[in-house]
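Trainee: First the structure, then my questions, so here it is.
The values are calculated or read from the model by the stated rules, or taken from the named source; none is laboratory data. Computed from a prediction, not measured in an experiment: that's the story for all the values here. Neighbour counts are summed over all protein chains in view; Cβ atoms, including those assigned to glycine, are modelled from backbone coordinates with ideal geometry.
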Amino acid sequence: MTDFADYPIDLSTKPLVRAFFDAPTNTASYVVKDPGSSACAVFDSVMDFDYAAGRIAHHSADAIIAYIQTSGLNLEWLIETHVHADHLSGAPYIQGKLGGRIGIGENITVVQETFGKIFNEGTEFQRDGSQFDRLFKDGDSYTIGTMKALVLHTPGHTPACMTHVIGDAAFVGDTLFMPDGGSARADFPGGDARTLYRSIQRVLSLPAQTRLFMCHDYGPNGREIRWETTVAEQRAHNIHVRDGIGEDEFVRVREARDKTLAMPRLIIPSLQVNMKGGELPAPDETGKRFLKVPIDGL
């Protein structure tokens, strides 16, 4: 795999980034606007889900839609940095209102194969990523208006994790947390702590002033929620991967930490929905939709 350092990074391009924080899932979603046009992209949107009641809502997605509409923007892309295990994607809902193409990493097929078995999906479930409009390969690029976005594969948290670099901004998904949060877990099926360390080093090969946008923040030690940092700040202060922390030490700390973590509250509905491009299960003959709960499957 090629490092970001081997790609020309145009730091003079400074996308306008508007964050939307979903407190129930600690998720930061983003509207990324091209300063040279009305074009924008949405990263990691959220569909509201009341698990106990089995009810969905779209307050989070509606806030993004309202912002795009009132700002006179044209939505070109809905990007999923990976298959989320802690929230349901709002991408299809937003696409239905505003258009745009849904994109994810090509290793979505690996995730679909793994969790298709866990959730006992039938042969009608296509495991080829065809539920998405674009499958990104390592080193791919696409445009948002006049801006060029570079995409590199940064697995470890999941096999399909991708980092998107747009000018002086990078959207890292769950590859990194804020410096006092460290890194995301690597113990889901298909995850690997050593792979995650190497992916993080790719991200930290970006120019020091590059803005990094997190997908989650949990406000460690009671601090205010934050979702933006820089490569320089991560390299100086990240509790798991700052300069001087080697791969073996990271793996030891990450794997020990992962053994203490419970499964995310919404992992079962999230994976079933998100591996299908954010689409809910098809209704049965009565019009009702159902999710499965695998017993001892995760």
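Trainee: Report the residue count in the range 100-114 for those that are in contact (Cβ under 8 Å) with a residue 40 or more places away in the chain and within 11 Å of residue 160 (Cβ to Cβ).
Mentor: So the count comes out to 9.
Trainee: Could I ask something else about it? Search the range 33-73 for residues being surrounded by fewer than 16 Cβ atoms within 10 Å (Cβ to Cβ) and touching a Pro at 6+ places or on another chain (Cβ under 8 Å), and hand back the single one that is farthest from residue 168 (Cα to Cα).
Mentor: Only one residue fits best here, namely 51.
Trainee: Just name the residue that is nearest to the chain's Cα centre (by Cα) out of those in the range 12-23 that are part of a loop (DSSP other than H, G, I, E, B) and surrounded by 14 or more Cβ atoms within 10 Å (Cβ to Cβ).
Mentor: 15
Trainee: Within the range 49-80, track down each residue that is closer than 14 Å to residue 20 by Cα and in contact (Cβ under 8 Å) with a residue 40 or more places away in the chain.
Mentor: 60, 63, 64, 67
Trainee: Can residue 279 be described as among the acidic types (Asp, Glu) and either loosely packed, with under 15 Cβ neighbours inside 10 Å or more than 20 Å from residue 199 (Cβ to Cβ) (or both)? Please lay out each step first, then the result.
Mentor: Values: among the acidic types (Asp, Glu): yes; either loosely packed, with under 15 Cβ neighbours inside 10 Å or more than 20 Å from residue 199 (Cβ to Cβ) (or both): yes.
So residue 279 fits the description; yes.
Trainee: What number of residues within the range 209-230 satisfy the criterion of being in contact with a strand residue (DSSP E or B) (Cβ under 9 Å, 6 or more places away or on another chain) and either loosely packed, with under 13 Cβ neighbours inside 10 Å or at positive phi (or both)?
Mentor: Summing the residues that are in contact with a strand residue (DSSP E or B) (Cβ under 9 Å, 6 or more places away or on another chain) and either loosely packed, with under 13 Cβ neighbours inside 10 Å or at positive phi (or both) in the range 209-230 gives 1.
Trainee: Now, a different point. I'd like the residue in the range 114-138 that is at pLDDT below 95 and either among the small types (Gly, Ala, Ser) or touching a His at 6+ places or on another chain (Cβ under 6 Å) (or both) and, out of all such residues, is nearest to residue 191 (Cα to Cα).
Mentor: 116
Trainee: Can you find, within the range 133-161, the residue that is farthest from residue 33 (Cα to Cα) among those that are part of a strand (DSSP E or B) and either touching a Leu at 6+ places or on another chain (Cβ under 7 Å) or of a type in the set (Gly, Ala, Ser) (or both)?
Mentor: Per the criteria, the residue is 141.
Trainee: For residues in the range 235-272 being among the polar types (S, T, N, Q) and under 20 Å from the mean Cα position of the chain (by Cα), which is farthest from residue 118 (Cα to Cα)?
Mentor: Within the range 235-272, the first condition is being among the polar types (S, T, N, Q), and the residues that meet it are 238, 260, 270, 272.
Going one step further and asking which of them are under 20 Å from the mean Cα position of the chain (by Cα), we end up with 238, 270, 272.
Working: 238: 34, 270: 13, 272: 10 Å.
Taking the candidates together, the pick is 238.
Trainee: Turning to a different aspect of this structure: Under 6 Å between Cβ atoms, which residue pairs at least 6 apart in sequence (or on different chains) link something in the range 169-197 that is under 16 Å from residue 260 (Cα atoms) and assigned to a loop (DSSP other than H, G, I, E, B) with a partner that is modelled with pLDDT of 95 or more and basic (Lys, Arg)?
Mentor: 186/254
Trainee: Which residue pairs have Cβ atoms under 9 Å apart, sit 6 or more places apart or on different chains, and have a first residue in the range 27-43 that is farther than 15 Å from residue 94 by Cα and modelled with pLDDT of 95 or more and a second that is small (Gly, Ala, Ser) and assigned to a strand (DSSP E or B)?
Mentor: Note: pairs meeting the criteria are 28/19; 33/39; 33/41; 34/41.
Trainee: If you scan the range 220-230, which residues turn out to be in contact (Cβ under 8 Å) with a residue 40 or more places away in the chain and not charged (D, E, K, R)?
Mentor: 220, 221, 225, 227, 229
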